[in-house]
Amino acid sequence: MKNSSNQPFDAIIIGGSYSGLSAAMALGRSLRKVLILDSGNPCNAQTPFSHNFITQDGKKPAEISKTALEQALKYETVTFLQQKATEAKKTDFGFEIKTETEIFSSKKIILATGIRDLFPDIKGFKECWGISVIHCPYCHGYEFRNQKTAILANGEKGFHLAGLVRNLSQDLMLLTNGKAEFPEEQISDLKKKNISIVEEKITEIVHREGNLSEIIFADGTSLPMNVLYAPPAFEQHSDIAAQLNCEYTETGHIKTDSFQKTSVDGVFACGDNSSPMRSIAHSVYTGSVSGSMLNLQLVQENF
Ligand SMILES: Cc1cc2nc3c(=O)[nH]c(=O)nc-3n(C[C@H](O)[C@H](O)[C@H](O)COP(=O)(O)OP(=O)(O)OC[C@H]3O[C@@H](n4cnc5c(N)ncnc54)[C@H](O)[C@@H]3O)c2cc1C
């Protein structure tokens with residue numbers, strides 16, 4: 001293992017996608033010595049086109065992050081390594097981060113590690129993810145407007161999504177994949193809007209190269225469909241926040257204040273790992289806030 005910890009950084013950013021690169025830009029523009037470590041696995045890798053981020057609408061996700069990396073690396077104090085951070089600990093100096101091959105040290109840390117979606121056990125779900133099985137009406141709903149639409153969700157989440165999605169398509173149904181859990185008044189509201197509820201278990205999503213055509217149920221019946229909204233469960237992409245003893249919220253996000261500070265002094269978090277507002281715009285915003293607040297902390301400690 002190569003020990004590079006004798007050349008400490010002002011900040012190590014773990015995760016070099018939208019939120020991490022945005023933090024790097026704020027720090028590079030403040031002349032801070034920054035290392036970005038990235039394992040190269042952003043959550044939106046499978047989606048063909050990204051939407052709803054101004055100036056980049058309709059671009060491929062990788063094209064947006066490639067431009068972001070090029071722009072962040074124009075600042076000569078910013079370094080990028082394609083390495084996965086595996087261990088983190090607090091030291092007298094600040095922090096020590098290990099990858100599989102190297103050890104680094106820094107005064108501060110930014111966690112920009114994202115989340116990992118946990119797919120339900122439905123054949124075809126994974127292959128359609130981000131293409132015709134989508135998580136967000138703002139990101140991909142417009143492209144499927146007025147088409148045959150289903151929502152795979154139950155309870156409050158399902159009812160909330162039904163309201164949002166009905167504005168994009170009135171050919172809409174709710175698939176609860178088990179017993180429906182709506183109060184009477186919500187069932188009556190859904191009926192009034194012609195949104196039917198199907199409780200039968202889903203066994204398969206029939207598709208061609210991720211574009212779904214049919215949903216098949218356990219009782220052998222099927223429904224033709226163009227798009228399925230399905231917000232899946234998730235877990236943190238990295239356990240580094242847990243290793244550093246950062247607190248989590250009830251929803252499983254890293255707890256931060258409005259300046260993106262975590263519960264551990266000197267550790268900031270940004271992007272999907274610390275917010276349910278899952279979008280590139282929001283990740284870029286929180287990344288920028290964490291970079292500038294980390295810089296402010298260094299200024300206050302040394303001025
Ligand atoms: C299918 C899909 C489609 C989407 N479409 C849109 C859209 O059209 N418009 C939109 O605005 N938003 C969209 N989103 C949401 C958007 O992609 C996310 O909000 C955004 O990617 C979050 O950015 P992030 O930097 O927090 O995390 P990510 O982009 O997920 O990146 C996290 C990075 O951290 C790295 N990492 C994790 N752990 C470690 C570690 N231990 N060491 C080193 N690196 C590590 C990962 O490899 C990854 O590169 C979509 C999301 C999904 C899932």
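The values are calculated or read from the model by the stated rules, or taken from the named source; none is laboratory data. Bear in mind the structure is a predicted one, so any value in this text is a computation, not a measurement. As a convention, Cβ positions derive from the backbone with ideal geometry for all residues, glycine included, and neighbour counts pool all protein chains shown.
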Scanning segment 53-74 residue by residue, those in contact with a His (Cβ under 7 Å, 6 or more places away or on another chain) and at positive phi turn out to be G58
Residues in segment 17-55 that are more than 6 Å from the ligand (Cβ to nearest atom) and under 15 Å from G287 (Cβ atoms) total 13
Only one of these is over 20 Å from G130 (Cα atoms) and either in a helix (DSSP H, G or I) or modelled with pLDDT under 95 (or both): N273, N194, N295, N245. Name it. N295
Loosely packed, with under 15 Cβ neighbours inside 10 Å and within 30 Å of K255 (Cα to Cα): does that describe Y142? no
Hits in segment 135-174 - residues which are outside any helix (DSSP H, G or I) and either assigned by the TED database to the domain that holds T47 or of a type in the set (K, R) (or both): R145, K148
Within segment 216-240, which residues are within 21 Å of S279 (Cα to Cα), outside any strand (DSSP E or B) and touching a Ser or Thr at 6+ places or on another chain (Cβ under 8 Å)? H237, S238
Residue within segment 272-279 that is charged (D, E, K, R) and within 14 Å of the ligand (Cβ to nearest atom) present: yes
Residue check, L111 closer than 21 Å to Q297 by Cα and in contact with a strand residue (DSSP E or B) (Cβ under 7 Å, 6 or more places away or on another chain): yes
